[in-house]
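The values are calculated or read from the model by the stated rules, or taken from the named source; none is laboratory data. A quick note: this is a predicted structure, and the numbers were derived from the prediction, not measured. Here Cβ is always computed from backbone atoms with ideal geometry, including for glycine, and neighbour counts include all displayed protein chains. Remember, those area values only see protein heavy atoms, side chains included, never the ligands or the DNA or RNA. Shrake-Rupley method; radii C 1.70, N 1.55, O 1.52, S 1.80 Å.
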Amino acid sequence: MSNFFAQLEQAFVANADSPALLLASQQAWHYADLLQQINRVAFEFLCFGVSAGDRVLVQLPKSPENLALYLACLKLGLVYVPLNTAYTEAELDYFVSDAEPVLYVGEQSRQDVACATLQTREARCLLVFSDSAANMQQVQAADGPAAVNTVSRSSEDLAAILYTSGTTGRSKGAMLSHGNLASNAKALSDEWGWQPDDVLLNALPIFHVHGLFIASHCALLNATPMIFLAKFDAGEVMRHLPTATVMMGVPTFYTRLLEQSELNRASVAHMRVFICGSAPLTEQTFGAWEQRTGHRILERYGMSETIINTSNPLAGERIAGTVGFALPGQQVRVADEDGKAVPAGEVGMIEVSGPNVFQGYWRMPEKTAEEVRPDGFFITGDLGTQDAQGRLSIVGRSKDLVISGGYNVYPKEVEVALDDLPQINESAVIGLPHRDFGEAVVAVVVPSAGQVTLAEVDQALTNKLARFKQPKQVLNVSELPRNTMGKVQKNVLRDRYSDLFAGSS
Ligand code: AMP
């Protein structure tokens, strides 16, 4: 049986009396509770007449019930399609029309919006949960059997569709199979040396690959407990750190925790490893974290289409600014436009292959064909370099590459130089239309105090970067626009300042 849930279920049954989810309210769900809830939801779903392969669109805040709902979908062979609760009516309309779900599970407060959208789209059913407590009662009231059978699936059968954040054009649905989930969960659990006494601190959203698959699967596959927090709150996380052994987070978690005066070696004495990804971790944050806590953060690299591709080693050197090596069973290459590997140290497109690579974009065969090569390598859209040992570094998204006066400028290289300056807290380098250069390099900076001037930056970078890489303009902002996963939204910056050089020659 290749249904990924069958593996999880075995672990849950064997550890039924162990804690599964430790909640901020001090309540705990044991694996027996989680199993029971999964069976209840599965039974309810069956009452709706769903069958394997049907899509279930879920737009709920993070809760144990929401996690059980995901697992119930896996169990029944349904395709779980999580959506950010922040999506608007128009966005929901697109996802409903694209995914054609048989069920939508959402919040009471958004019932009107969802009803209107779903009725127009003729979705077969609608379930609305007001909040997690009510959900629990509603499901408990169902007079279902003690256990619902786990549906047989092949490893290629779809388990989930994750819509990519889609900063340009239509959001694409990355189709992940049971085999994708199972292979990556096992690879990560091995790579990060999961222990029977591990306690994972999970404060990530679960509508995204990071919180749902990368973090949760490690704990679930081993039936170890998760401190399951509805959202990231630095104070709340500080309170839980002393009982956790592993934390997975985005770089913003780490920068926010560094602002907490109580963060020190004693407060993390129980921790085994801090893992970070979804956006670049700066060398400054890596260094500051090590200084305060004694831990070198383990940075890894992944995405909705492939879950995790590379990781810094658990044992062995973790190097700031790099994302480590391909996971066992996977291949990573840095390639030219034809997919041919470039020499070590040269910048190229990062391409990956392995059992983790998705099944394509939902109902977009042309897009899939553009991004997956005939030899199975997925063209990630990220640019990087690999050293002779295969250690990977990311230099930015290919669409963020700046071409100024015909020269390629990799924003990360300029950002690293800028972030090194004491007067700059963080920076984002973008290219803006310019009559002379095609694109001009522009630095958007968050100053540590006062304002940073172009003259200052010029002077500081003169001997560090070639002239064509140096910013033509410096813009001061109080913060950089980021999405929920901590990624800087360069498209927002490009739009905001698109006319900066409009009048210049
Ligand atoms: P998503 O599909 O939302 O998970 O976004 C995936 C993208 O996040 C990747 O293609 C990278 O551009 C970026 N990303 C993920 N992990 C890292 C990392 N450790 N460093 C830099 N960028 C990352």
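Under the simplified labelling scheme, the residue 1-residue 463 pair shows an inter-label distance of 6.8 nm, with each label point 7 Å from Cα along Cα→Cβ.
Using a 1.4 Å probe and counting only protein heavy atoms, arrange 362, 192 so the residue with the most accessible area comes first.
Numbers: 362 30, 192 0 Å².
Largest accessible area first, the residues go 362, 192.
Peptides 6-17, 196-207, 173-184 ordered by packing proxy, namely the average of other Cβ atoms within 10 Å per residue, highest first: 173-184, 196-207, 6-17. Length gained on full extension, residue 52 to residue 366: 110.5 nm, using 0.36 nm per residue less the C-alpha separation.
At a Förster distance of 30 Å, what's the computed FRET efficiency of residue 373 paired with residue 90, Cβ-Cβ distance as r, to 0.05?
Working: r = 34 Å, r/R0 = 1.15.
That gives a FRET efficiency of 0.30.
Rolling a 1.4 Å probe over the protein heavy atoms leaves residue 478 with an accessible area of roughly 110 Å².
Evaluate the relative contact order of region 277-435 (contact order divided by residue number), counting alpha-carbon pairs under 8 angstrom at least 6 apart; express in whole percent. If you can, show how the numbers build up before the last one.
Details: 271 pairs, mean separation 25.8, N = 159.
Worked out over region 277-435, it gives 16 percent.
Does region 182-324 come out rounded, prolate or oblate, given a ≥ b ≥ c as the square roots of the eigenvalues of its C-alpha gyration tensor, rounded meaning a/c under 1.5 and, failing that, prolate meaning a/b above b/c?
On the way: a/c = 1.44, a/b = 1.20, b/c = 1.20.
Rounded, because the longest to shortest axis ratio a/c is under 1.5.
First select every other residue whose beta carbon is under 9 angstrom from the beta carbon of residue 52; then total the charges, Lys and Arg +1, Asp and Glu -1. For residues surrounding residue 52, the net value is -1.
Just from its helices, what would the mean residue ellipticity at 222 nm be for the chain, if runs of 4 or more DSSP H residues each count -39500 (n - 2.57) and the sum is divided by every residue, rounded to the nearest 500 deg cm²/dmol? It would help to have the intermediate numbers written out before the result.
Numbers: 15 runs with 150 residues, N = 505.
Calculated mean residue ellipticity at 222 nm is -8500 deg cm²/dmol.
With contacts taken as Cα pairs under 8 Å at a separation of at least 6 residues, region 11-111 carries a relative contact order of 27 percent. Contact order, relative form, for the chain: 10 percent (alpha carbon pairs under 8 Å, 6 or more residues apart, mean separation divided by residue count). Stretching the chain fully between residue 258 and residue 455 yields a gain of 67.8 nm (0.36 nm per residue, less the alpha carbon separation).
Restrict the search to region 231-335; then list the GluC sites (Glu not before Pro) that DSSP places in a loop and that have at most 13 other Cβ atoms within 10 Å of their Cβ. Sites meeting the loop and neighbour criteria: 259, 262, 317. Ignoring lysines fewer than eight residues from residue 231 along the same chain, the ones with Cα atoms less than 20 angstrom from its Cα are 62, 487.
In whole percent, and with a 1.4 Å probe on the protein chains, what portion of the accessible area of the chain is carbon and sulfur?
Numbers: 10140 of 20540 Å².
The computed percentage sits at 49.
For region 279-344, the set of trypsin sites (Lys or Arg not before Pro) satisfying both a DSSP loop assignment and a count of at most 16 other C-beta atoms within 10 Å is given as 340.
With a/c under 1.5 counting as rounded, go ahead and sort region 36-81 into rounded, prolate or oblate using the C-alpha gyration tensor (a ≥ b ≥ c being the square roots of the eigenvalues; past the cut-off, prolate if a/b is larger than b/c, else oblate). Oblate shape, in that a/c is at least 1.5 and b/c is the bigger or equal ratio.
Per-peptide packing, taken as the mean over residues of other Cβ atoms within 10 Å, places 347-358, 96-107 in the sequence 347-358, 96-107 from highest down.
How about region 190-261: which trypsin sites (Lys or Arg not before Pro) there lie in a loop by DSSP and see at most 13 other Cβ atoms within 10 Å?
On the way: sites: 231, 239, 256; in loops: 231.
Qualifying residues, ordered by number: 231.
Please give the FRET efficiency for residue 243 paired with residue 14, using the beta carbon to beta carbon distance and R0 = 22 Å, rounded to the nearest 0.05. Please report the intermediate quantities before stating the final value.
On the way: r = 23 Å, r/R0 = 1.05.
With R0 = 22 Å, the Cβ-Cβ based efficiency is 0.40.
Heavy-atom accessible area for residue 366, with the other protein chains in place and a 1.4 Å probe, reaches approximately 110 Å².
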